[in-house]
1. Could you list, in sequence order, all residues of the range 49-64 that are surrounded by 15 or more Cβ atoms within 10 Å (Cβ to Cβ) and outside any helix (DSSP H, G or I)?
2. For the list (1) surrounded by fewer than 16 Cβ atoms within 10 Å (Cβ to Cβ); (2) outside any strand (DSSP E or B); (3) more than 16 Å from the ligand (Cβ to nearest atom), I need the number of the one condition that Thr17 fails.
3. Given the residues Val32, Val67, which is the only one that is in contact (Cβ under 8 Å) with a residue 40 or more places away in the chain, of a type outside the set (Ser, Thr, Tyr), in a strand (DSSP E or B) and exposed (fewer than 14 other Cβ atoms within 10 Å of the Cβ)?
4. Kindly evaluate Cys40 against the criterion of being out of contact with any strand residue (DSSP E or B) (no Cβ under 9 Å at 6 or more places or on another chain) and either exposed (fewer than 15 other Cβ atoms within 10 Å of the Cβ) or of a type outside the set (D, E, K, R) (or both).
Amino acid sequence: MKCFSCKSDTMEQSSSTYTAQAANCIIIIKNVPCMKCRQCGDVIYNTKILKKIEEIIGRIESMASEVAIVDYQKSA
Ligand SMILES: [Zn+2]
């Protein structure tokens, strides 16, 4: 798999912290599986993961205030 940013072939399985700005709060999701570039540090999430992230955000948005921190592994 090639990196979109630097085009080098150095993407590897990793995990990352995803930050989303919702209507009335900031949602931080830890331990999100992703592909990370060893060269430039660029992070890519696959569509399945992104769908799950949307679900988590949708679920939390209504009850969170200001900042919410969740663990992807526990919310998935
Ligand atoms: Zn890269």
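1. Ala64
2. Every condition holds for Thr17 apart from (2).
3. Every option except Val67 fails the conditions.
4. Here the answer is yes, as Cys40 does meet what is asked.
All of the numbers you see were taken from the coordinates with simple rules; none came from a lab. None of the values given here were measured: they were computed from a predicted structure. Reconstructed Cβ throughout: ideal geometry from the backbone, glycine too, with neighbour counts over all protein chains shown.
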